[in-house]
Amino acid sequence: MIVLGVESSCDETGLALYDTQRGLLSHALYSQVAMHEEYGGVVPELASRDHIRRAIPLLKQTLGEAGLSLEQIDTVAYTQGPGLAGALLVGASVACSLALAIDRPVLGIHHLEGHLLAPLLADNPPPFPFVALLVSGGHTQLMRVDGVGRYQLLGETLDDAAGEAFDKSAKLLGLGYPGGPAISLLATEGDPQAYKLPRPMLHSKDLNFSFSGLKTAVLTVVKNHAASLAQQALSRQDKADIARGFVDAIVDVLSAKCMTALKQTGLKRLVIAGGVGANSQLRAALNAAAAKRRFQVFYPELQFCTDNGAMIAFAGALRLQANPQAASRDYAFNVRPRWPLSEIG
Ligand code: KG4
Ligand code: ZN
């Protein structure tokens, strides 16, 4: 069975073909980052319009690389939510129109389920059950995963998501958008002793997070610094030191909560998913903890950490394998910009 995946929930248009026999056949991605950069964040209207421009050329590229024709697709899976309403509508309408044209069923996929299952695309996939840390631009959640569709929320952020904290802090340091990779890179030049920033909820005993205070702490440091320097710009070294303080704090909290989740569930496997899962400092901290405490940690391939079509095609294929009736020929689609993972059927 061949599944076409269409992702368009935010600022990446992703298409992919997944074959349940042969695995991932091809995938293509267009990132709108350069377009949104000058606005310092994603502009939803521009995102929607760009998805319209990219979807069909990416589809052709994906089919070409797989050596397939449109008619060889068995099911079209698309991101139904959560995400930007207009952006989601583009992907949904492209997916449903294609499916209608070739008389195939469609299947709406939850974006976070896509992220959650992406580590299973790797060569050495983790067996169920496992604890998953989902860290993206919009979400920070710890979950117990017992199988496809069997997700139990253990804890989540009470305010900002981890990726949001990365992006907002990077913006305060003038590092552009999205700031996660930039602040992470700059932190490698920073002095770990220069700034000790707060580690919110580190000792809260539960598995929830809070990152807005950390972002405010970065803002306070930047402001105090500017005042003491009589408004002179921060030097590169100052920025690197602040970046280091920020990264150390957020990585400490994320890894400590993962350890607590493993302890509470008694599970020995940890899976990291979502854009922040690409972060090298987080990976180093978790790898070190795994070596010391005898649990295994799994990551998606770097290219499948951030948004992509492969994870949607793959999640669609797994859902269909679990329930061949999951897809339908109802092309009167609707999208779900806000859609808790706990509500998926
Ligand atoms: O999963 P994703 O592509 O989109 C959402 O579904 O939100 O995640 C994007 C987020 C952004 O906040 C971005 O700054 C962050 O992931 N990110 C990183 C890194 N790469 C991407 N954060 C820290 N370090 C990175 N290397
Ligand atoms: Zn995402």
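The values are calculated or read from the model by the stated rules, or taken from the named source; none is laboratory data. Please read these numbers as outputs of a predicted model, since none were measured by experiment. Glycine gets a Cβ as well: all are built from the backbone with ideal geometry, and neighbour counts include every protein chain shown. The protein model used for the area step is the full one, side chains on, heavy atoms only, and it has no ligands, DNA or RNA in it. Shrake-Rupley method; radii C 1.70, N 1.55, O 1.52, S 1.80 Å.
Express the accessible area of the chain per residue in Å², computed with a 1.4 Å probe while the remaining protein chains stay in the model. Write out the running numbers ahead of the final one.
On the way: 14730 Å² over 345 residues.
Value for the chain: 43 Å² per residue.
Hey, how many Å between the Cα centroid of the range 106-161 and the Cα centroid of the range 181-210?
Result: 23 Å between the Cα centres.
For the residue pair residue 331 and residue 46, what label-to-label distance in nm results when each label sits 7 Å from Cα along the Cα-to-beta-carbon direction?
So the label points at residue 331 and residue 46 sit 3.3 nm apart.
Which whole-number percentage describes the relative contact order of the range 128-299, with Cα contacts under 8 Å and a sequence gap of 6 or more?
On the way: 317 pairs, mean separation 48.4, N = 172.
It comes to 28 percent, rounded to a whole number.
In degrees from 0 to 90, rounded to the nearest 10, what is the angle of the helix 212-228 Cα long axis to the longest principal axis of the chain?
Rounded to the nearest ten degrees, it is 40.
On a 0 to 90 degree scale, rounded to 10, what angle separates helix 85-102 from the longest Cα axis of the chain?
In the chain, helix 85-102 runs at an angle near 20 degrees to the longest axis.
By its C-alpha gyration tensor, with a ≥ b ≥ c as the square roots of the eigenvalues, how is the range 128-299 shaped: rounded for a/c under 1.5, else prolate for a/b larger than b/c, else oblate? Could you put the intermediate results ahead of the total?
Details: a/c = 2.25, a/b = 2.08, b/c = 1.09.
Note, shape of the range 128-299 comes out prolate.
Of 326, 234, 84, which is farthest towards the positive pole of the chain's charge dipole, taken about the Cα centre with +1 and -1 on the beta-carbons of Lys, Arg and Asp, Glu respectively?
Toward the positive end, the furthest listed residue is 234.
Could you give the dipole magnitude of the chain about its Cα centre, charging the beta-carbon of Lys and Arg +1 and that of Asp and Glu -1, in debye to the nearest 20?
Working: 30 positive and 31 negative charges, 198 e Å.
Value, rounded to 20: 960 debye.
How many nm separate the modelled label positions at residue 188 and residue 268, each set 7 Å beyond the Cα in the direction of the Cβ?
3.4
Given a 1.4 Å probe and every protein chain left where it sits, what share in percent of the accessible area of the range 46-143 is carbon and sulfur? Walk me through the numbers before you get to the answer.
Details: 1820 of 3320 Å².
With neighbouring chains kept in place, the figure for the range 46-143 is 55 percent.
At 222 nm, what value in deg cm²/dmol follows for the chain if DSSP H runs of at least 4 each add -39500 (n - 2.57) and the sum is divided by all its residues, to the nearest 500? Display every interim value, and only then the final one.
On the way: 10 runs with 146 residues, N = 345.
Rounded to the nearest 500, it is -14000 deg cm²/dmol.
Taking a ≥ b ≥ c as the square roots of the eigenvalues of the Cα gyration tensor of the range 269-331, is the shape rounded (a/c under 1.5), prolate (a/b larger than b/c) or oblate?
Working: a/c = 5.07, a/b = 2.18, b/c = 2.32.
It is oblate, given that a/c is not under 1.5 and a/b is not larger than b/c.
Placing unit charges on C-beta atoms (Lys and Arg positive, Asp and Glu negative, everything else neutral), compute the dipole magnitude of the range 128-299 about its Cα centre in debye, rounded to 20.
Details: 20 positive and 13 negative charges, 117 e Å.
The calculated dipole for the range 128-299 is roughly 560 debye.
Just flag the trypsin sites (Lys or Arg not before Pro) in the range 183-269 sitting in loop per DSSP whose Cβ has no more than 10 other Cβ atoms within 10 Å. It would help to have the intermediate numbers written out before the result.
On the way: sites: 196, 205, 215, 223, 236, 239, 244, 257, 263, 268, 269; in loops: 196, 205, 268.
When the trypsin sites (Lys or Arg not before Pro) of the range 183-269 are filtered for loop state and at most 10 Cβ neighbours within 10 Å, 205 remain.
For the range 1-103, which trypsin sites (Lys or Arg not before Pro) pass both filters: DSSP loop (anything but H, G, I, E, B) and at most 13 other C-beta atoms within 10 Å? Kindly include the intermediate steps, with their values, before the conclusion.
Working: sites: 22, 49, 53, 54, 60; in loops: 22.
When the trypsin sites (Lys or Arg not before Pro) of the range 1-103 are filtered for loop state and at most 13 Cβ neighbours within 10 Å, 22 remain.
If each residue of separation counts as 0.36 nm, what is the full-extension length gain between residue 101 and residue 69 once their alpha-carbon separation is subtracted? If you can, show how the numbers build up before the last one.
Numbers: separation 32, 0.36 × 32 = 11.52 nm, distance 1.29 nm.
My answer for the length gained is 10.2 nm.
Let's see if you can work this out: charge +1 on each Lys and Arg Cβ, -1 on each Asp and Glu Cβ, no other charges. What is the dipole magnitude of the range 34-100 about its Cα centre, in debye to the nearest 20? Can you show the working numbers first?
Details: 4 positive and 7 negative charges, 24 e Å.
Here the size comes out at about 120 debye.
Enter the angle in degrees (range 0 to 90, nearest 10) between the Cα long axis of helix 44-66 and the first principal axis of the Cα atoms of the chain, meaning the one along which they spread out most.
Taking the Cα atoms of the chain, the angle to 44-66 is about 60 degrees.
Using the basic label-point model (7 angstrom from Cα toward the beta carbon), what is the residue 216 to residue 22 distance in nanometres?
Distance between the two pseudo-spin positions: 5.5 nm.
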